[in-house]
1. Using the structure shown, decide if Ala392 is in the same structural domain as Ala329 (by TED's automatic domain parsing) and not in a strand (DSSP E or B).
2. Can you pull out the residues in the range 68-114 that are within 46 Å of the chain's Cα centre (by Cα) and without any contact (Cβ under 8 Å) to a residue 24 or more places away in the chain?
3. Somewhere in the range 35-42, is a residue within 48 Å of the chain's Cα centre (by Cα) and over 17 Å from Asn94 (Cα atoms)?
4. For Thr555, all conditions in the list (1) at pLDDT below 85; (2) over 48 Å from the mean Cα position of the chain (by Cα); (3) under 24 Å from Lys435 (Cβ atoms) hold save one; what is the number of the exception?
5. Within the range 320-332, how many residues are in a helix (DSSP H, G or I) and either small (Gly, Ala, Ser) or within 32 Å of the chain's Cα centre (by Cα) (or both)?
6. Filter the range 18-27 down to the residues that are at pLDDT 90 or above and touching a strand residue (DSSP E or B) at 6+ places or on another chain (Cβ under 8 Å) and list them by number.
7. Mind counting the residues in the range 336-368 that are under 13 Å from Ser404 (Cα atoms) and either free of Cβ contacts under 8 Å to residues at least 24 places away in the same chain or of a type in the set (Gly, Ala, Ser) (or both)?
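The values are calculated or read from the model by the stated rules, or taken from the named source; none is laboratory data. Since the structure is predicted, the reported quantities are computational estimates derived from the model, not experimental observations. We place every Cβ from the backbone using ideal geometry, glycine too, and count neighbours over all the protein chains shown.
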Amino acid sequence: MYLTIRDILHLFQNHSVKLIAGSGGLENPVSSVNIMDAPDIWNWVKPGDLILTTGYAVKDDPFLQEQLICKLAAAGCAGIGIKTKRFLPDIPENVRLAADKHKLPVLELPLTMSLAEIMNPVISTIAARHSYLLHRSNEIHKTLTKEAIHGGGLNSIIACLGRLTQCPVGCYDINGRPLSHWLPENLPGAKAGTLSHLEAIVGSPAVHNKSLQKALAQTKGPHTSTLVIDGHDFTVSAFAIMSSNEFFGHIVIIQPNGVFREINGIALEHACTVAALDFLKQKAVSESRRLHSRDLLEHILFGDIGNQITADLIAASKLANSRYFQCLAVAVDEAETVNIPVVMTLLYKTIQQAVAALYPLSLVSELAGKLVVLLASGTSLETELIYEKLTAALEETHKRTSVSVGFGSTATSVETVRRSYKDALTCLELGRLTKGPGKITNLSEIASYYILANSADAGVLDQVCGSAIARLEKADDNHHSELLKTLEKYLECDKNLTQTAAELFIHRNTLANRLEKITDITGFALDHHEQAFNLRLALRLKKLAKLNRIKTTNTNR
């Protein structure tokens, strides 16, 4: 609600104060008034100053007159008022030209008014407007703080800001995703469809709108840009939600041009402060829940399940209302470019939101470098639904790094959750081995590997098929062929020639020739069901042996 040169002309419209030059600066804000008593006053001028003078110091020096205008404009001066008919008969031509060039308003002051008669009303008006802004600022702060104290959360804060400004408001997280928005019922002078366009903007990710994306790119300071919708100009103002250099996102208001913006800017800044407090509160609550989930999971998975303390903890938790349980193990696949702690933090938030939306009784915590999810429900657990939800939730994470997930078996009591946890870890490890990193694996996909890994008699497969596999490996080494890989893919594709050729990117005839060589080298008839099945199991056992060697190597480092 700053005072402008245009406002000053209106203030003295009955006292013959005229604009002589510099009309391009009519909207220059005036923050204070200064009287010129020296020709080099530009050394003391502050931005927003309105300079009043009789022109005595420069009356005989055209060069100094022009220099004065140039220097004042460079210093951010709002304008200059010159009293004529005493030392200067009128405003010199060189002053007018310089003022127009630099868009510095030059006002002609009447001889009948003293400079004090000009200065005092301007200062009084500035003070009155500052007083009003301070009063409104306090009212806005109280209103927004009241919303936060009543526990309405972010949606309530955004709606309150919208009602105060009567402008469309949007709140975005650090990635530009919308968290909340509010729109007025109508915008004066705007077309019927304009509000729909504005809603699409504040309710969509910032990446879908260049102006909004540009506004949010300024993470630490306020930013303003222009937006045109249906022929109407709008001003997009963005302010960062921060606390002690911790960045939570942005709040944006979209104002029709011509709407008084300064008080809206004050309201926006207050809203960001209150929103930061709400984010900090939510962060503290989330951290408390996270610690509680970790302690409870540690008691269930590693503690004495029959201990009275553990029993009391379970009875007092939300798990007491659950009848079905299932553990998931989630891990970030290591890479040189991956910051594991940062990714794990983002991953925790992503999975926590996805799981809570389906099964609110569940627990999520970080244990031993992995995220452990204990799904819990009072009715039933739909594995396919969980799979779909996790796949969608991890889609954004997979753009940054690879994440693997293992699904454990379903348990019907807290006492049997440990088996589900063990199964989840096994699925995680064997899924990485058999399917590669970045996949979701359940027991049905690795059951045979699971049996082989836990069977004392699995070594008999090596006696039956080991020498044949060794001959294939030797042939591959000698001739740089891929016979062992071909055999493995052929068996995994259930001996389907077309599918195997497609996955190996070779012609069916090439595949047929390779299979003949494999039969000749191994002595196994691949069309014999039992022999092919034994080879398939033996190759899986070989994969498990490779996994154990990798584990041993990592342990010895």
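1. Details: in the same structural domain as Ala329 (by TED's automatic domain parsing): yes; not in a strand (DSSP E or B): yes.
Yes; evaluated as a whole, the condition is true for this residue.
2. Lys101
3. The initial filter retains those residues of the range 35-42 that are within 48 Å of the chain's Cα centre (by Cα), namely 42.
Filter once more, keeping what is over 17 Å from Asn94 (Cα atoms): 42.
Within the range 35-42 (the criterion being within 48 Å of the chain's Cα centre (by Cα) and over 17 Å from Asn94 (Cα atoms)), the answer is yes, since at least one residue qualifies.
4. Among (1) at pLDDT below 85; (2) over 48 Å from the mean Cα position of the chain (by Cα); (3) under 24 Å from Lys435 (Cβ atoms), the lone unmet condition for Thr555 is (2).
5. As a first pass, look at the range 320-332 and keep what is in a helix (DSSP H, G or I): 320-321.
Applying the additional criterion that residues be either small (Gly, Ala, Ser) or within 32 Å of the chain's Cα centre (by Cα) (or both) yields 320.
Of the residues in that region, 1 qualify.
6. Within the range 18-27, Lys18, Leu19, Ile20, Ala21, Gly22, Gly25, Leu26 qualify.
7. So the count comes out to 0.
Conditions (1) basic (Lys, Arg); (2) touching a Gly at 6+ places or on another chain (Cβ under 8 Å); (3) part of a helix (DSSP H, G or I), marked per residue:
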site: Ala357; (1), (2), (3): no, no, yes
site: Leu361; (1), (2), (3): no, yes, no
site: Glu366; (1), (2), (3): no, no, no
site: Thr416; (1), (2), (3): no, no, yes
site: Glu429; (1), (2), (3): no, yes, yes
